[in-house]
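The values are calculated or read from the model by the stated rules, or taken from the named source; none is laboratory data. Only a predicted model underlies this, so the values are computations on that prediction, with no experimental measurement involved. Cβ placement follows ideal geometry from the backbone for every residue including glycine, while neighbour counts extend to all protein chains displayed.
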Amino acid sequence: MSKTIQAVRGMNDLLPDVVARWQRIEAAARTVLAAYGYREIRLPLVEKTELFARSIGGLTDIVEKEMYTFEDRNGELLTLRPEGTAGCVRAGIENGLLHNQVQRLWYAGAMFRHERPQKGRYRQFHQIGVEAFGIGTPDLDAELILLCARLWRALGIRGLTLELNSLGTSETRAAYRRVLVAYLERHRSVLDEDSQRRLEKNPLRVLDSKNPAMQEIIRGAPSLADHLDDASRVHFKRLCEHLASADVAYTLNPRLVRGLDYYTGTVFEWTTDRLGAQSAVCAGGRYDGLVELLGGQATPAAGFALGLERLAELLALDASETGDGQAPQVYLAVLDEAVRAPALKLAESLRDRGWRIECHGGSGSLKAQLKRADKSGARFALLLGPDEVARAAVSVKDLRGDAEQTTVALNLIGDYLKQKLA
């Protein structure tokens, strides 16, 4: 038996180089969300299983096959959250945030689904979720999409495509479901196994099949747009007008559906062709009935979730990506153990000035320390030995340029770095 223990399949370590990209996304998201008036809420990783069975839908793949569910010591069924919206709604109801109020909230964290791991799809994955409550008009739908577009610009991500559709009201969907099932039943013999199973439980999901052999049948299916109620048509038309006015390009996709039962009205996805099969980077829409379904007063609501893994992958593919912002700016080489104390004092004084300083720990020759300094990504190496301490100075070596090594007085080194690193 192996003595080493590996991570659970589909639950990945995030190493420092990857984390740097995540932090870049998170920092940009915080800034953009604040600009639109969204406030952070922090939610539990574990919720009662009933919350997801009721909100997502008991006949969905997520609830039936993918949730991490267990019985606690009190015999209560609990689940690691597979998505964030249901928990946010539960928190809003429980804490009195939603009734007759407008709330703009966001959260970030891990979600869990037991599905087949593949690139861009993991058993532990991470999302930033954005939810808005109390506004039922299409300007909110537009705001959410504009927020996304601003975030892509802030991150320098190009080439994303916005796809739009409307699912109408629950009554609209129920009527369309009957028409769709009748059509698919006529083609049952050529439906793949997955589509036959969905036909009985969630037929709209058949339209989302990526099986090439199914595409001709899907193209011939009745269009939900032809069965929309008048109010949904007007809402969607106004949303499209808002986006056109804001110069946001979009594609109408009448086959766009969401895998969660609570969606109604507007649905949207931002997609890319650079990540293979996992093309959706961000997805969301309206869920006007969910608050009432979970025990609150009827409240209009809309939101979206973006996948951090997929956004980070796009940043990694972007040739314009710059440094990670975590590397030290200065590496302090300690040339003799006798000057360890003044070296630590110097490092602290420079950190007080706001610089990122890595101080060499342990022993090592000058050559070895400079090799490590270069590997760290630092711009400068500061060399401190007994001679430097005696002269109240420090030697400075430029690791990224061809400038000659120089000596700077200790009381001036902060100003020197400010000039060079500005």
* Of all residues in the range 380-400, count the ones that are surrounded by fewer than 17 Cβ atoms within 10 Å (Cβ to Cβ), under 22 Å from ARG340 (Cα atoms) and within 36 Å of the chain's Cα centre (by Cα). => 0
* Which one of these does ALA403 not meet: (1) surrounded by fewer than 17 Cβ atoms within 10 Å (Cβ to Cβ); (2) within 13 Å of LEU346 (Cα to Cα)? -> (2)
* Asked: Looking at the range 12-31, is at least one residue part of a loop (DSSP other than H, G, I, E, B), more than 26 Å from TYR263 (Cβ to Cβ) and either in contact with a strand residue (DSSP E or B) (Cβ under 7 Å, 6 or more places away or on another chain) or of a type in the set (S, T, N, Q) (or both)?
  -> yes
* To do: For SER209, indicate whether it is of a type in the set (Ser, Thr, Tyr) and farther than 18 Å from GLU269 by Cβ.
  => no
* Looking at this structure, is ARG81 among the charged types (D, E, K, R), within 19 Å of VAL291 (Cα to Cα) and surrounded by 14 or more Cβ atoms within 10 Å (Cβ to Cβ)? -> yes
* Extreme residue, nearest to SER170 (Cα to Cα), among residues of the range 40-67 that are hydroxyl-bearing (Ser, Thr, Tyr) and at pLDDT below 95 -> SER55
* Restricting attention to the range 196-250, and to residues there that are of a type in the set (Lys, Arg) and at pLDDT 85 or above, which single residue is farthest from TYR262 (Cα to Cα)? -> ARG219
* Asked: Could we say that GLY159 is at positive phi and touching a residue at least 12 places away in the same chain (Cβ under 8 Å) here?
  -> yes
* Structure fact -> Sole miss for ARG186 among (1) under 29 Å from the mean Cα position of the chain (by Cα); (2) over 25 Å from LEU317 (Cβ atoms) is condition (1)
* Single unsatisfied condition, TYR68 versus (1) out of contact with any helix residue (DSSP H, G or I) (no Cβ under 9 Å at 6 or more places or on another chain); (2) more than 23 Å from GLY120 (Cβ to Cβ) -> (2)
